[in-house]
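Participant: Input: one structure, supplied below.
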Amino acid sequence: MDMDALKRRGLVMLGCGKMGSAMLEGWLKGALEPNEVWVIDPNPSDELRATDVRLNEDLPEAPGMVLIAVKPQLLDDALPQVTHLGGGDTVVLSVAAGVTIARYAHDFGDGTPVIRAMPNTPAAVGRGITALVANEGGQGSLDLAARLLDAVGQTVRLGSEDQMDAVTALSGSGPAYVF
């Protein structure tokens, strides 16, 4: 998938807290228009409401991407709102810490392209490093995911999902601890 296809089909955000808001702010500075983004958030901030994105509206039938940006402890309640979008070529991009590609493949369907991303705390202010890894189906969309996540800093690609735990421990928690 490329940016033109994403703009044409739309991007759905499940959750738009601190990290999601930081990404959305970056995207709306030039990569995406507000009418190309659907956000599902039960308690939208005033800042989110002011963006003119499609907030809690009916979702497109086959968006280009679904960004999972909810806290892992909320995933079981939130995910059913978007799992019907799986099984096709809609890419699932997750920034939910600790949630594996296998979990998303199970919930969305085995044929779903999935990219797991782990941004660190400085990403919330546009200065982060985000690690990326994808299942086989998501490999073709890694460039797009990297371009989108560049809105909050730099991206690095991992060789395997096994490396994500180390990234989470060092890159994810380290800057927060120092801060």
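Participant: In this structure, is residue 77 closer than 19 Å to residue 28 by Cα, open to solvent by 20 Å² or more (accessible area, probe 1.4 Å) and of a type in the set (D, E, K, R)?
Facilitator: Answer is no for this residue.
Participant: Answer yes or no as to whether residue 70 is part of a strand (DSSP E or B), modelled with pLDDT of 95 or more, closer than 20 Å to residue 19 by Cα and in contact with a helix residue (DSSP H, G or I) (Cβ under 9 Å, 6 or more places away or on another chain).
Facilitator: Judged against the criteria, residue 70 is not a match.
Participant: Hey, another quick one. From 43, 35, 56, which residue is free of Cβ contacts under 8 Å to residues at least 40 places away in the same chain and on the phi > 0 side of the Ramachandran plot?
Facilitator: Sole residue among the options that is free of Cβ contacts under 8 Å to residues at least 40 places away in the same chain and on the phi > 0 side of the Ramachandran plot: 56.
Participant: Okay, next question. Tell me whether the range 13-23 contains one or more residues that are at pLDDT 95 or above, of a type in the set (D, E, K, R), open to solvent by 80 Å² or more (accessible area, probe 1.4 Å) and on the phi < 0 side of the Ramachandran plot.
Facilitator: For the range 13-23, residues at pLDDT 95 or above, of a type in the set (D, E, K, R), open to solvent by 80 Å² or more (accessible area, probe 1.4 Å) and on the phi < 0 side of the Ramachandran plot: absent.
The values are calculated or read from the model by the stated rules, or taken from the named source; none is laboratory data. In this text the structure is predicted, and so the values were computed from the model without any measurement. Here the Cβ is made from the backbone with ideal geometry for all residues, glycine too, and neighbour counts use every protein chain on show. Areas reflect the complete protein model, heavy atoms only, side chains present, ligands, DNA and RNA absent. Shrake-Rupley method; radii C 1.70, N 1.55, O 1.52, S 1.80 Å.
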